[in-house]
Every structure is written in structure tokens, then in C-alpha cells.
Amino acid sequence: MTKIIYIIQRELKSYFVSPSAYIFCMVFLILTAIFFRGNIASFIEVRNQPLPWPELSVLQSLNKMILQPFFGQISLLYLLLPILTMRLLAEEKKLHTMELLLTSPIAVSHIVLGKYLAAAILLGVTLIMTIPGPILILFYGNPDLGLIITGYLGLFFVGLSFLALGLFASSLTENQIIAAMLGFGLVVLFWIIGGAPHVVGFGLGMVLAYLSILEHFYVFTKGFVELKDIVFFISFISFFLFLTHQVLESNRWR
Amino acid sequence: MIEVENLTKRYGKIWALRNISFTVAEGEIIGFIGPNGAGKTTTMKILSCFMPATSGSVLISGYDVFHQAHEVKKIIGFLPEQPPLYDDMTVYGYLKYVSQLKEVPRFKLKNLMDRALKICGLEKVQNRLIKNLSKGYRQRVGIAQAIIHEPRVLIFDEPTASLDPRQTIEIRELIKKLSGEHTVILSTHILPEMAQTCQKVAIINEGEIIGADTYPNLSRQLRHLDRTRIKFSHPVDQPVYHCIEKIPGVVSLETDSPDSYGVLMNTELGETEGVVSKIIKIGVQENWGIREISPQEYTLEEVFVELIQRHENKK
């Protein structure tokens, strides 16, 4: 158990010794800030105008005009996540340090979990750094606090899922660029898989569409936490961590 | 300590190891030598639990490397061909991490770190980033990570590859120093160092062990002739040369050094004693000025090449 902590420590140190963590955070936060600013700008524009008919009051709701798009925009930025995970396993193979890990008395599952959790911690820290935006709104308006909380929860789950995809991609190759590209591919795949029924037909299509991360995320942005979505995310993450574990273990069978 | 029985490794159609067997007793150093691609690294990787065998068994201290890998990994230290170093860590940080992975108890940590740093001569660079170390130092860090948890068995794959001569000697001394407390198995294709460090030698070619014994024994196996070097105080005269040639039992004679102060004499096994005493008698009588008479073992290179030649001829 403690070995997982040792791995987490090493990976975090490695993130912060190189520019990668800082650049990731910086890019992520700058883009987030730009989006947020944009949301506020368009909100203000509409805010001060008289409403031609009452239903349009929706446009003047803080929740819907700023926060929800905000959560959606951050989830788009998750396309950057494979950059975080690309080195985790690919580099071990490239540097031949995998020999060290696999000939030490540490279980493969501990290796996988340790690396995953280190990336998850980095994701969490980055997300926390985006909080000042919504907090600002709390001062100036009356947004739904619950919505903010569930929104971030949903974001965290989506991020964790994409990290699992990225780690899996990293386990498949020793080339970090390929790991990143595979990661991007997988992230986009599960992003658009909601459109499967149009492509593959109704039966299979609906099954595939259920795997859409988007679908399970929307509910969080509306202020609801549904058990079925949490189960989905946990299963998704577990599945891809399991796959990663198998890929590493497969060294032992060949 | 190490028992390998009928070890076979196949990559698809290619047989990397064919049914090899050998044992290493506790505290011994055994060297694996063989041409490139013979199967040395494969053997090391299987012994260190990095890779599974296709068939056969390997027991280290009684534990099977496939079924009880976890136990084996606690008692081995492995230095692969490329030392498994993280460039972004300092020497100290890296060794500390390795000791955590290898389950070194916290209270022993400081002592064992100091020990490893001292044995490998890394005290001065312990706070330097591994990325900034020269190849020789990187190799030393590689050795340090292999020994840090006081494993019973050390497995070194080409520990002196691409080191300069001075570093090679240092590493060799280091390995000799380690051998008492540890069982060491190392692979190389640099023969002279093998003869100097290892008690036992296993010659491997194309996946098969073609000779495994102490170096003098191997040499003796191959000898069908005894070889002796005779050195004189002045260049050899023709009459002396012819005289020795004519002694019964002498098979051939050739001048040794270019300045022909010496000769190499091949005699039939069993006749050597007699021939040499005769040479001494005549030499003293006739005042030949004999300076040195020494039996010559086959050099390890010759043993190596000879065995490999025979092996390939057999095919």
C-alpha cells in the first residue's frame, strides 16, 4: 500500500521538476479564464436590455449563461489531458526504467494506481485553481451553489475518466507522441460516441451511445447527482485501469 | 543459490535459449560469456523475473522465478544493459526511491544509502541530477541501485560495456569486492575481465551453453597439447632452436616475441615433464642462458574461440 504513495510522490516530483505541469496548468487556466470572461461579457450584454418576451428571462440567469457553459468549456479543455499522461508509462519503457519497476517487489496494480493517482492529483489541483471564477460570481450575484458543486464534481469525474484513457494509451507504446495521439483519439471517441445511433443503427447504436461521457456529464451541470452516472464513471475508470494493468502484466506472459 | 534447469526461451520461431542448465553456489561469481546475440541478456532477464521462460525452471534461493516472483524480487539486484535511471532525479533521490521500492526498512535506510554511496564512490555526486552524470558515473549509480537493499543475488548484464579502461578496472574491483557477501552472475563479451573476476565461467553460443566450469578446467579440457614458454637472455641461436625441436615429445616450436628472445613450445600431454627436465639439463650444460620456463594456459580468448568453433562444427 505504501508503495503506491512512493510512486505518487515520485511522479508528482517529476511533474513539477519539469515544465510540463506548469505549462499544462498555465495553458489550462489561461484558456479557462478567457472562456469565463467571454461568458460574462455576453451575459452582461444581454442583461441590461429589456426583454421582448418573458421566456427569454432564461438568458439573464447567471446559472445558465455563465456557469453551465463554463463547465462545458472546461470539459472541452480536457482534450489537453493526454499530454499529462503521455509520459507516465511510455517514458518508463523508453528509459528502460520499466526493468527496475518490474524486477522490484511491487505489484503491477500498485504501479498503475500510483501513476494514475499522481495525474489525478494534478488534475484536482488544476480544477481547484479554476474556482476563483465561480466564487467571483457568488459575490456579485446569486448563482446556485449546488450547481457549482455538482458541476465541479462532474468535471472531476470526466477528468478522471479521460486520465484513465490517457494512461491506457501510454501503456501501449514507448513513444510519448504516439501515446498522446492515441489518448486524444480515445478522448474524442468517447466524446462523440453519443452520435453512434446515426452511424451504426439503432440497436448497437444505443448501446454505444450509453458510453458517451457527455451524456453522463450533462446531468451534473444541471445540478443533479445521479447514482447511475457515478456508477458509469467508476466503471469506466476501473475498466481502463484494468486494461492498463493487463497490458503491463502481459510482459510476464510473453 | 541459483539453479537453472532446461531453460528454454522462444520468441516466435526464434529460439533464444535452448535447454540450458547450470548452477551457481552461494557466494560464487559466475561469468556468462558469448558472442552478441548468444542469449546472455535473455538469460539475465529471465533470472531477474523481467521475462518469463518458455519452459524449464529457474530457482533462486529455492524460489521459482515465475511462481514466486515476488519473493525472488526481494532478494535480487538487477543491473540491465541500460541502467534504469531516471534523468530527472538526483542520485540520492533516486537511490532513496529504489530503496523504497525494494522494501528497505526505514530505520536501515540511512546506513544502506551511505554504504551504497561509499562502495560505488558516489559520495561527491549524490546531489547531482542523474542527467548530468558521465557514463561511468551512471553505471556506478546503476550498480548502487542493484546493491542498495543488500540482495543475496546480483545480476549484472554487461556492467562494463562502453566504459573507459580506468572505469572498467574500477567496476571490476567493485564487483570483486561485492562477491564475498553476494552471489554474482554477470555477462560480458570482454574476456580478459571475465578471467580476472569470475571463479566460474559459462560460455554460451546460439542459446546453448557449450562449456561451464572454472577457467583452468575449461582450458585443460581443450588442451591436447601442453604449451610452454621458454625465454633466454639473448636471441635464440639456430643450434639451440634445432636442438630443442629434436627432443622427442616436442610437437612444434615457434618463436614467441618478435625480438625472438623466447620460444613457444608445444609438447604432447604427459611428455612435458620429461622434455622440460631435459631442456634444463642440456641448457645448463651448454650454457644456453635460460631465463624463464613457464607453462601457458590457453588464454580465455582461445578457449572461447575453440569451443565456439567446435560447437558450430557439430551442427
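The values are calculated or read from the model by the stated rules, or taken from the named source; none is laboratory data. Please read all numbers here as calculations on a predicted model, not as lab measurements. Positions of Cβ are generated from backbone atoms using ideal geometry, with glycine treated the same way; all protein chains shown enter the neighbour counts.
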Test: residue in the range A:22-40 that is surrounded by 17 or more Cβ atoms within 10 Å (Cβ to Cβ), modelled with pLDDT under 90 and either touching a Leu at 6+ places or on another chain (Cβ under 6 Å) or polar (S, T, N, Q) (or both): yes
Odd one out for B:Tyr241, checked against (1) surrounded by 13 or more Cβ atoms within 10 Å (Cβ to Cβ); (2) modelled with pLDDT of 80 or more; (3) within 29 Å of B:Glu193 (Cβ to Cβ): (3)
Tally of residues being crowded, with 16+ Cβ neighbours inside 10 Å, hydroxyl-bearing (Ser, Thr, Tyr) and closer than 22 Å to A:Leu113 by Cα across the range A:201-250: 1
Selection count, the range B:268-315, where residues are β-branched (Val, Ile, Thr) and loosely packed, with under 11 Cβ neighbours inside 10 Å: 1
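If you check B:Tyr97, B:Tyr92, which single one turns out to be within 19 Å of A:Pro105 (Cβ to Cβ) and either aromatic (Phe, Trp, Tyr) or not assigned by TED's automatic domain parsing to the domain that holds B:Ile46 (or both)? It would help to see each step written out before you state the result.
Working: B:Tyr92 fails: within 19 Å of A:Pro105 (Cβ to Cβ).
Among B:Tyr97, B:Tyr92, only B:Tyr97 is within 19 Å of A:Pro105 (Cβ to Cβ) and either aromatic (Phe, Trp, Tyr) or not assigned by TED's automatic domain parsing to the domain that holds B:Ile46 (or both).
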Tabulated pairs, the range A:10-22, first more than 8 Å from chain B (Cβ to nearest Cβ), second among the β-branched types (Val, Ile, Thr), C-beta under 7 angstrom, 6+ apart or interchain: A:Leu12/A:Ile121
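For (1) at the interface with chain A (Cβ under 10 Å from one of its Cβ atoms); (2) among the charged types (D, E, K, R); (3) touching a helix residue (DSSP H, G or I) at 6+ places or on another chain (Cβ under 8 Å); (4) surrounded by 13 or more Cβ atoms within 10 Å (Cβ to Cβ), each residue gets a yes or a no:
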site	(1), (2), (3), (4)
B:Asp88	yes, yes, yes, yes
B:Leu95	no, no, yes, yes
B:Ala116	no, no, yes, yes
B:Cys120	no, no, yes, yes
B:Glu123	no, yes, yes, no
B:Arg128	no, yes, yes, yes
B:Asn132	no, no, no, no
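Residue-by-condition table, conditions (1) assigned to a helix (DSSP H, G or I); (2) of a type in the set (Gly, Ala, Ser); (3) more than 21 Å from A:Ile83 (Cα to Cα); (4) without any contact (Cβ under 8 Å) to a residue 12 or more places away in the chain:
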residue: A:Ala118; (1), (2), (3), (4): yes, yes, no, no
residue: A:Leu123; (1), (2), (3), (4): yes, no, no, no
residue: A:Leu127; (1), (2), (3), (4): yes, no, no, no
residue: A:Ile137; (1), (2), (3), (4): yes, no, yes, no
residue: A:Asn142; (1), (2), (3), (4): no, no, yes, no
residue: A:Leu147; (1), (2), (3), (4): yes, no, yes, no
residue: A:Leu153; (1), (2), (3), (4): yes, no, yes, no
residue: A:Gly159; (1), (2), (3), (4): yes, yes, no, no
Subset of the range A:240-254 [free of Cβ contacts under 8 Å to residues at least 60 places away in the same chain and either away from chain B (no Cβ under 11 Å) or within 17 Å of the chain's Cα centre (by Cα) (or both)]: A:Phe242, A:Gln246
Leading residue by the ranking (surrounded by the most Cβ atoms within 10 Å (Cβ to Cβ)) among those in the range B:43-80 that are away from every other protein chain (no Cβ under 11 Å) and either in contact (Cβ under 8 Å) with a residue 60 or more places away in the chain or touching a His at 6+ places or on another chain (Cβ under 8 Å) (or both): B:Thr43
Any hit, the range A:99-113, residues being under 28 Å from A:Glu249 (Cβ atoms), in contact with a Pro (Cβ under 7 Å, 6 or more places away or on another chain) and within 11 Å of chain B (Cβ to nearest Cβ): yes
Selection within the range B:262-312 - over 29 Å from B:Ile33 (Cβ atoms) and among the hydroxyl-bearing types (Ser, Thr, Tyr): B:Ser277
B:Ile155 being among the aliphatic types (A, V, I, L, M), in contact with an Asp or Glu (Cβ under 7 Å, 6 or more places away or on another chain) and either modelled with pLDDT of 90 or more or under 25 Å from A:Glu11 (Cβ atoms) (or both): no
Which listed residue, of A:Phe224, A:Phe240, A:Phe233, A:Phe220, is out of contact with any Cys (no Cβ under 8 Å at 6 or more places or on another chain), among the aromatic types (Phe, Trp, Tyr) and outside any helix (DSSP H, G or I): A:Phe224
Residue list for the range B:99-114, filter: at the interface with chain A (Cβ under 7 Å from one of its Cβ atoms) and either surrounded by fewer than 19 Cβ atoms within 10 Å (Cβ to Cβ) or of a type in the set (A, V, I, L, M, F, W, C) (or both): B:Leu101, B:Glu103
